[in-house]
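Throughout, read-outs are computed from the coordinates displayed, never taken from laboratory work. Just so you know, these numbers come straight off a predicted model, no measurement behind them. Here the Cβ positions follow ideal geometry from the backbone for every residue, glycine too, while neighbour counts run over all protein chains shown.
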Amino acid sequence: MALTTQEFAFVSGLVRREAAIVLDTGKEYLVEARLLPLSRRAGTDSVSAFVARAQRERALAEQIVDALTTNETSWMRDREPFTALTDVVLPEMRAQRSPAHRLRVWSAACSSGQEPYGLSMLLEDAGMPYEIHATDISSEMLERAKAGRYSQLEVNRGLPVPLLVKYFHRAGTEWEVSEALRRKITFQKLNLAAPLPSAQPFDVVFLRNVLIYFDIETKRAVLRGIRRLMRPDGWLFLGAAETTIGIDDGFDRVVAGRASAYRPRAAAGAPVNAMGRG
């Protein structure tokens, strides 16, 4: 049974309030597909019945938010930003930071962990001291990320075989991330659309394929908050369909190899070619 207009309005309103994600009319099929497994797990007869229960039970409402803020992910998704990190960003950091500097990297909206673990592998191979802070709004995804266990199908989605052999070991039918990587990463639940907590400044921020789900005012607030948590010469990587241009004029877009990156305006342009104002 398809969701009624009222049921979809409840779900879209819930997700907008809790996560600032906009679900426009036409996304009913997506909502039904994401909520069907929850409905079956809860023992309800239909997605509509599950939504009705969620209007009375906070725990089920939280499950809805988790399900609709969980996105597809893979290893080294859109390879160019990761290549830019190793080929452009790290050489600059080596030249400008002391040898003892510990690179601080933020993987925002880390989902099930492929991005922060992938970044960790690259930084391990580069031999630079580092720490990674990984955040997500979904409690379920954070638990999966902390566990660091992936099926054969999941590791086949973009993970180079040499990295699999070097940084994973077999755990039954799954692959488990090595302890060497896991101890360099901290995981924390965080709603990017809420006021961001104070933190030591980050050298690099990966905020990829997240802004596309927010309205313009939320995008502005998120970018302002992230900029405040970056070093003046830090680097921000967004998804291929995302930009700061026309949203936050505190960033400049720059070329980093074959990728685009964004830097606080005062720092942009020196080591790379400016592409435009952000």
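Within the straight-line cut-off of under 18 Å between alpha carbons, the lysines reachable from K184 are K146, K166, sequence neighbours fewer than 8 places apart in one chain being disregarded. Taking the charge dipole of the chain about its Cα centre, with +1 at Lys and Arg Cβ atoms and -1 at Asp and Glu Cβ atoms, the residue from L35, S112, P99 reaching farthest to the positive side is P99.
Expressed as a fraction of 2.2 N^0.38 Å, the C-alpha radius of gyration for region 70-170 is 1.10. Rounded, prolate or oblate: which fits the chain, taking a ≥ b ≥ c as square roots of the Cα gyration tensor eigenvalues, rounded meaning a/c under 1.5, else prolate when a/b beats b/c? Because a/c hits 1.5 or more and a/b fails to exceed b/c, the chain counts as oblate. With neighbour counts taken as other beta-carbon atoms within 10 Å, the residues R263, R79, R97, R58 rank, fewest first, as R58, R79, R97, R263. Under 16 Å of direct C-alpha separation, and excluding same-chain neighbours fewer than eight residues apart, K189 reaches these aspartates and glutamates: E18, E62, D66, E115, D136, E140, E143. Roughly how many Å is it from the Cα centre of region 198-219 to that of region 14-40, as a whole number? Using only Cα atoms to place each centre, the spacing works out to 22 Å.
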